Structures are given as structure tokens and as C-alpha cells.
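Note sheet for the following structure.
The values are calculated or read from the model by the stated rules, or taken from the named source; none is laboratory data. The structure presented is a predicted model; accordingly, all values stated were derived computationally and were not measured. Positions of Cβ are generated from backbone atoms using ideal geometry, with glycine treated the same way; all protein chains shown enter the neighbour counts.
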Amino acid sequence: MATQMSSARRGIATNEMKQVAKDEDVTLDWLLPKIATGSIIIPSNNVRPQKIHNVGIGKGMKTKVNVNIGTSTLNVNVEEEIEKAKVAVKYHADTIMDLSDGGDVGSIRRTLLDTAPITFGTVPIYEAYNFGVEKHKNPLDITEDDYIKAFENNIKDGVDYTTIHSGITKEIAKRIFKVERYAGVVSKGGTITAAWMLKYDKENPYITHYDYMIELAQKYDVTFSLGDALRPGSILDSHDELQVQEMINIGRLAKRAIEKDVQVMIEGPGHVPLNEVTANVTLAKSLIGDVPYYVLGPLVTDIASGHDHIASAIGAAVSASAGVDLLCYLTPSEHLALPTPDEVKEGLIAYRIAAHAGDLVKLREKSIKWDMDMTEARRTLDWEKQLALSIDPEKAALIHGRTGQHPGNNVPCTMCGGACVYIMLPKQRKYEKEEKKLQQAE
């Protein structure tokens, strides 16, 4: 069965490609060669029953934002996860990932697939972990077959992309304790895999069976998101040998998948000090080529508990400007608890701002119009337009309408009141050059 990549290589434009071309204001002649080489991907499982709005991710595309939701072993509230998925869709997440590892993870996944008609990702190893806990009361009492079966279950349900922790080898796992990271290994999937390899003295099943997984990915047109099992969990561990060695391995695995018409993106950190953020993108792209790069944050400091969506959005904006293609959001509850629906919104809005800030650097001509329209609305005291153009119109309207604000347009807000610059110098609101243009047009 054809994949998006194999179709592009044959010069065939799929409906998903046509949608992406329209959304991104590019031609199919421009788009298809980039999908053919893997620099742009359109994750789209061919058996997903729901009709979704597909997005393009990669070089030359607008920076996309992913929202993570899902249960844990200590908190299984499916209704709340459904509400989070609805919030993600309402506030324009581009992709969503179900990270559930508690409860009936298969049923939860299928419910959330129905709830969120957008590009959908999962982490299959969480299902294998869940199986070990539920059946054996020990997450490490799982087999290689359990790893692969979890992957199969996810893609058969219609998941568009899956995180695969295939970059961490048995050899690297044995070096974890010699390297003595400040924060240790903080990826759940990476820790499960490392602990399993060390317990059984076996190679990573996602390496051993990688070719078979490629065959399945071809069949269902599932995108590999090659996971960052060894991402730094502290800025003190940024770019250590574990992280870099895994990235080298992932780059090689990505090429193998692309050769077989399977779409791939690469996951990145994590926690990175501000002065290393751009270098991280440069290093990753030098190792993986133009394959889309997908990063979590990164957090530029480790002290922002309760405000990690802000600390990470700083790194996200710099990453996006440097060439990152997909940003995975963080919420205020990161490192503390599962997020509430309101915290999902906070994280998503922060990351949409970061993504747009990055696009103003790498796609300025396409992205600047939004800012130009907002600037004009502010200069002309057009409050209706200002609120409509806000990235969060509801919150902007709530703040603007607080005590003392005069209703309607052509009035100042309560910050400056009568000292409003556009009231004191009203001529600013209609520049002379605009009047000349009108006269010339007439």
C-alpha cells in the first residue's frame, strides 16, 4: 500500500498533500519533492477511521505545536483527558499525543482518537509498561513480543505517529551509571527500555525488530517519531555523551526508514541552557539532515516549577527560529503533576506564541501579516479587531472589559486613559502616506 512518501516519489499528489499545500500557501510542485526526500512529513495513518485535518511538518512549513495529555498509574480520569483533548482542539493544537500509561490504555486511546480530529501520536512502550503492571505487577516482566505487540496495537487503532525509543542501545545503557548524570535518565520510555536491557542483558527490541516495524509502518503509513530516550533532564546534562550518541544512532535509523518510504521525525531535548539552544538545533540537523526536528521545549532553566511553560517557551521560540519544525508544549504543572484542562490551555497558548515568534524569523514574509494587522488595529483604536486578532481572544476580551473600560472603538484602554498616545496625537492613526496612496488611487 502506498505511503505519503512513496506517492510523492511517484509524483502523485494525495488529498493530504493538497490540504497542506493550501494551508501553507505553497504549490504542489514545491511540496512533493520535499515529501519525497523526507524533509517534510504529513503523518496520516491510512486506517484511521476519523476524518482529520492533516498538517505538514518540516522545512518551509509553519512551526507546529503538539499537546501531550494522558493518564498515569496514579490518576486515571478519562473524562478529564477528554476535556483536555477538546481544549487542545479548540485552541488550535496542530498535533496531540496520548501518553496514557494507567487504566485501560487501549480504550483511552480510541476514545481520545474520536475526540481529537487532528494529527495523533502515542508512545507504544507505555502500553507495554501498562501490560507488565496489570498482568505481572512488574513493568519489566515483559517480552520482546510485548514491545512489538504494543506498537501493532497502536497503529491498528489509527495512530498517525508513534514515538519509538530505538536510539538507546544495550551498550549505551551500560554506560548510564558511568556517566553519572546530574539528573539521571528522565525519559520514562528510555528508563523502561534501559532497565529492561540491563535486566535481561538483551538488545533494545525496537532495534532488534526495527526492520519488521518498518514493514508495519509501510503498511499503515505510520510516521516514526524516533524518541529522545536520553534527553537531558537538567541543563547541567545538556549535550553529554549519552545524548549525542543516541542522536547519532537515530540519524542512521532514520535513513533506513526513509529508504523504505516511511516518514520520520527526530525528537530532541529537553533541558538546554539558553546559549546552547541554537547550537543544539545546528548539531541535530548536522546529524539527521533535513528530517523534521521535534523538541520538548527546551527548558532554559531548571528552577521554574509552576511556570515551566514560560521557561520552556523561551527555549522553544529560539529553537523554532533556528529551524525546529514541531514544538512539544509544557504546562505549568510539568515536573509537579498531571495538568488540568486550564493548564493545557496555558501551555498551548505559550507555545503557539513561541512558534509564531520563530516563524517571524524563518518565514517572515508569510508570518508578519498577523502582526501588521494587529499593529494597525492598535494604532486605529479598533478594539473589536484587536481582540479578534489576539492569540487568545477570550482572555484578551476579559482583561479589556474590566472595571472602568469605555465600550466600543476609538476609545483608550484603562492603562493610559486620557494619556493614550493615539488620543493625544490623533494624526498617527491615519498616516499621511496612506492618504497620498488613496489620492493616487482615486
Quick check, is Ala357 within 26 Å of the chain's Cα centre (by Cα), on the phi < 0 side of the Ramachandran plot, without any contact (Cβ under 8 Å) to a residue 24 or more places away in the chain and not in a loop (DSSP other than H, G, I, E, B)?
no
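Yes/no matrix, rows are residues, columns are (1) surrounded by 19 or more Cβ atoms within 10 Å (Cβ to Cβ); (2) at positive phi; (3) not hydrophobic (A, V, I, L, M, F, W, C):
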{"site": "Tyr210", "(1), (2), (3)": "no, no, yes"}
{"site": "Phe224", "(1), (2), (3)": "yes, no, no"}
{"site": "Asp228", "(1), (2), (3)": "yes, no, yes"}
{"site": "Val244", "(1), (2), (3)": "no, no, no"}
{"site": "Ile248", "(1), (2), (3)": "no, no, no"}
{"site": "Met265", "(1), (2), (3)": "yes, no, no"}
{"site": "Gly270", "(1), (2), (3)": "yes, yes, yes"}
The condition of being more than 23 Å from Ser225 (Cα to Cα), surrounded by fewer than 17 Cβ atoms within 10 Å (Cβ to Cβ) and not assigned by TED's automatic domain parsing to the domain that holds His271 holds, among Ala388, Ala377, only for Ala388
Any chance region 412-435 includes a residue that's more than 13 Å from Leu381 (Cβ to Cβ), assigned to a loop (DSSP other than H, G, I, E, B) and modelled with pLDDT under 80?
yes
For region 180-196, name all the residues that are within 21 Å of the chain's Cα centre (by Cα) and either free of Cβ contacts under 8 Å to residues at least 12 places away in the same chain or surrounded by fewer than 22 Cβ atoms within 10 Å (Cβ to Cβ) (or both).
Val186, Lys188
Yes/no for Ser367 being in a helix (DSSP H, G or I), modelled with pLDDT of 95 or more, among the hydroxyl-bearing types (Ser, Thr, Tyr) and under 24 Å from Met247 (Cα atoms)
no
Any idea which of Val47, Val87, Val78 is modelled with pLDDT of 95 or more and within 23 Å of Gln218 (Cβ to Cβ)?
Val47
In this structure, is Thr95 touching a residue at least 60 places away in the same chain (Cβ under 8 Å), assigned by TED's automatic domain parsing to the domain that holds Pro341 and closer than 23 Å to Asp221 by Cβ?
yes
For region 195-252 the number of residues that are part of a loop (DSSP other than H, G, I, E, B) and farther than 27 Å from Thr301 by Cα is 7
So which pairs qualify, if the first residue must be in region 264-275 and under 13 Å from Gly167 (Cβ atoms), the second must be aliphatic (A, V, I, L, M) and modelled with pLDDT under 95, the Cβ gap must be under 6 Å, and the two must be at least 6 apart or on different chains?
Ile266/Ile288
I'd like the full set of residues that are out of contact with any Gly (no Cβ under 8 Å at 6 or more places or on another chain) and buried (at least 20 other Cβ atoms within 10 Å of the Cβ), limited to region 153-179.
Asn154, Ile155, Gly158, Ile172, Ala173
Reported set for region 283-313 where residues are assigned to a helix (DSSP H, G or I) and buried (at least 20 other Cβ atoms within 10 Å of the Cβ) is Ala284, Ile288, Asp308, His309, Ala311, Ser312, Ala313
If you go through region 128-151 one residue at a time, do you hit one that is assigned by TED's automatic domain parsing to the domain that holds Asp221 and farther than 27 Å from Asn204 by Cβ?
no
Check on Thr163, in contact with a His (Cβ under 8 Å, 6 or more places away or on another chain), outside any loop (DSSP other than H, G, I, E, B) and not small (Gly, Ala, Ser)
no
Condition met for Lys64 (within 22 Å of Asp359 (Cβ to Cβ) and surrounded by fewer than 23 Cβ atoms within 10 Å (Cβ to Cβ))
no
Applying the selection to region 98-127, what residues are assigned to a helix (DSSP H, G or I) and without any contact (Cβ under 8 Å) to a residue 40 or more places away in the chain?
Val105, Ser107, Ile108, Thr111, Thr115, Glu127
